[in-house]
Amino acid sequence: MITYTDVKIYSMMTQLQKSIICTSFVIIAALLSIFMITLLDTAFAQQQQFTTYKSEKYGIQFQYPVDWTIKEKTYRFAEGGGDITVRSPNLLTMFGIEYKDALSLFRTLDIKEAAKIMLSILEASLFGFDVRIIEEPHLVTIDNKTAATAVIAAEERYYNPPFKFLDQQWIVIIGSNAYLISYLYSPTNDLDSPSHTMIRNHFIKSIKFLGDDSAAPATTAQTIKISSSHFN
């Protein structure tokens, strides 16, 4: 004989099964979506084509995506943040290269000390932003030269919704001069996607510094005064 309790248990089990099935569909759909996005992103990365850019003025050569836009300053006070900027078609991603006097900027030629000071420079330049260190400064190699790199995340304090971006910076000191190289991306949720990783890595690996360590590029490195670093 079927009792009320039996019916109640059956009803509960049916609802539980429906809930499990619905949850399973949601999970499967989410996994498929992630898989398709990754697949398409990887396919895009594999098909991306690059072109070579050579700057005699700043003594550097590199490769960048063919559909990106490149601009090089023709004189010191020209508009734009970097001496060389390379922007994606949607303007959300940018490479920047600046050529500076290392002693004026970092007050040292030691790459490890310069890496520490680089973080304070970034914080000071981002007034109105909350800055977090995502990847602590560490040493890497660019064109067989020791370089320092770090990654920060920045978010506007006074706007809603706030503007957010990630910025990976590299420093290379050659002679008494320094190259500051950056990869800036907004929004911040897929910096390590296959396409971004491939483009970023290809760009860095393709960099060639023209001339030997003692030879300076054809332009004079810009001298900048900064406050002392508060990093230990």
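Below is a table of values for the structure above.
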{"quantity": "Of the criteria (1) touching an Asp or Glu at 6+ places or on another chain (Cβ under 6 Å); (2) over 28 Å from LYS54 (Cβ atoms), which one GLU135 fails", "calculated": "(1)"}
{"quantity": "Test for PRO65: is it in contact with a His (Cβ under 9 Å, 6 or more places away or on another chain) and in the same structural domain as GLN168 (by TED's automatic domain parsing)", "calculated": "yes"}
{"quantity": "So ILE97, is it within 26 Å of SER193 (Cα to Cα), in a strand (DSSP E or B) and touching a residue at least 40 places away in the same chain (Cβ under 8 Å)", "calculated": "yes"}
{"quantity": "Residue tally, condition at pLDDT below 95 and buried (at least 16 other Cβ atoms within 10 Å of the Cβ), over region 132-142", "calculated": "1"}
{"quantity": "Index of the failed condition, GLY80 passing every other in (1) closer than 17 Å to LEU180 by Cβ; (2) at pLDDT 90 or above; (3) not aromatic (Phe, Trp, Tyr)", "calculated": "(2)"}
{"quantity": "Which listed residue, of ILE84, ILE70, is among the hydrophobic types (A, V, I, L, M, F, W, C) and out of contact with any Asp or Glu (no Cβ under 7 Å at 6 or more places or on another chain)", "calculated": "ILE70"}
{"quantity": "Options LYS112, LYS116: the member that is loosely packed, with under 15 Cβ neighbours inside 10 Å and assigned to a helix (DSSP H, G or I)", "calculated": "LYS112"}
{"quantity": "Tally of residues being under 12 Å from the mean Cα position of the chain (by Cα) and modelled with pLDDT under 90 across region 203-212", "calculated": "0"}
{"quantity": "Strands (runs of 3 or more DSSP E) wholly inside region 130-195 containing at least 1 residues that are in contact with a Cys (Cβ under 7 Å, 6 or more places away or on another chain) and among the aliphatic types (A, V, I, L, M)", "calculated": "none"}
{"quantity": "Given (1) modelled with pLDDT under 95; (2) closer than 29 Å to SER193 by Cβ, number of the condition THR52 does not satisfy", "calculated": "(1)"}
{"quantity": "Selection status of ALA124, under 14 Å from ILE181 (Cβ atoms) and part of a helix (DSSP H, G or I)", "calculated": "no"}
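The rows are residues; the columns are (1) more than 30 Å from GLU56 (Cβ to Cβ); (2) assigned by TED's automatic domain parsing to the domain that holds LEU119; (3) at pLDDT below 85.
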residue	(1), (2), (3)
ALA154	yes, yes, no
TYR179	no, yes, no
PRO187	yes, yes, yes
ASP190	yes, yes, yes
SER195	yes, yes, yes
ASN201	no, yes, no
SER214	no, no, yes
ALA221	no, no, yes
ILE226	no, no, yes
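For every residue, the table says whether it meets (1) closer than 24 Å to LYS100 by Cα; (2) of a type in the set (Ser, Thr, Tyr).
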site	(1), (2)
PRO137	yes, no
ALA147	yes, no
GLU155	no, no
ILE171	yes, no
ILE174	yes, no
SER193	no, yes
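The values are calculated or read from the model by the stated rules, or taken from the named source; none is laboratory data. These figures come from a predicted structure and were not determined experimentally. Quick reminder, even Gly has a Cβ in these numbers, built from the backbone with ideal geometry, and neighbours come from all protein chains shown.
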